[in-house]
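*Asks:* So that we are looking at the same thing, I have put the structure below in structure tokens.
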Amino acid sequence: MAADHSFIWHDGLLVGHPDIDDEHRQVVVLIRALRETPAGGLAEVMEALLRLAQAHFGHEDRLMEERDFPPRKCHIGEHAAVLASMSAVKARLERGDIAVVRRLADELERWFPAHVQHLDSALAHWIWKQAAGAKPLVFRRGAVTASAVVPA
Ligand SMILES: [Fe+2]
Ligand SMILES: [Fe+2]
């Protein structure tokens, strides 16, 4: 079943780490483009998404390794699985399969918010805890709350 097609950035996706949040904003834009771009422009979007995902996942993977983030194996494994799926879809797109790209958009729209809200938030929490002995403060429109993310 198709996911909600109004997939857009919202403050519920903030994790409180500025660099990660900036990268996540870019990921959201490209996932949406994966659904909305006409067939002729999809190769460019797919390439951009794959490059961004490699850079972003690599960034998070390095942060987890450098800071001995305890559940990093599971998180790094999830990144690797998603990259493998993206690469496989890119190869199928090169053979003319447009439908598989739209299905990837469905899957990423479901996967990304859950990944951010559980695994990436836990990483941001861990980084802030190490740096300041405190939880990150995450300011969201309409509410000001201390992040209550607990590592899985
Ligand atoms: Fe992640
Ligand atoms: Fe992330």
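*Asks:* Those residues that are within 11 Å of ligand 2 (Cβ to nearest atom) and within 21 Å of Thr37 (Cα to Cα), I need them from region 7-24; list them, please.
*Replies:* Scanning region 7-24 gives Glu23, His24.
*Asks:* Out of Gly58, Gly77, which single residue is loosely packed, with under 12 Cβ neighbours inside 10 Å and either at pLDDT 95 or above or under 13 Å from the mean Cα position of the chain (by Cα) (or both)?
*Replies:* So the residue among Gly58, Gly77 that is loosely packed, with under 12 Cβ neighbours inside 10 Å and either at pLDDT 95 or above or under 13 Å from the mean Cα position of the chain (by Cα) (or both) is Gly77.
*Asks:* Every residue in region 50-86 that is away from ligand 2 (no atom under 13 Å from the Cβ) and within 14 Å of Leu34 (Cβ to Cβ), please.
*Replies:* Leu50, Arg51, Ser85, Met86
*Asks:* Given the residues Leu104, Leu63, Leu50, which is the only one that is aliphatic (A, V, I, L, M), under 14 Å from the mean Cα position of the chain (by Cα) and within 29 Å of Arg140 (Cβ to Cβ)?
*Replies:* Leu104
*Asks:* In region 61-109, what residues are more than 22 Å from Ala43 (Cα to Cα), of a type outside the set (A, V, I, L, M, F, W, C) and touching a residue at least 60 places away in the same chain (Cβ under 8 Å)?
*Replies:* Arg67, Pro70, Pro71
*Asks:* The conditions are (1) under 21 Å from the mean Cα position of the chain (by Cα); (2) at pLDDT 75 or above, and Ala132 fails exactly one of them. Which is it?
*Replies:* Answer for Ala132: the failing condition is (1).
*Asks:* Just a yes or no: is a residue in region 13-25 without any contact (Cβ under 8 Å) to a residue 60 or more places away in the chain, more than 12 Å from the chain's Cα centre (by Cα) and on the phi > 0 side of the Ramachandran plot?
*Replies:* No, region 13-25 has no match at all.
The values are calculated or read from the model by the stated rules, or taken from the named source; none is laboratory data. In this text, all values refer to a predicted model and were calculated from it rather than measured experimentally. Here Cβ is always computed from backbone atoms with ideal geometry, including for glycine, and neighbour counts include all displayed protein chains.
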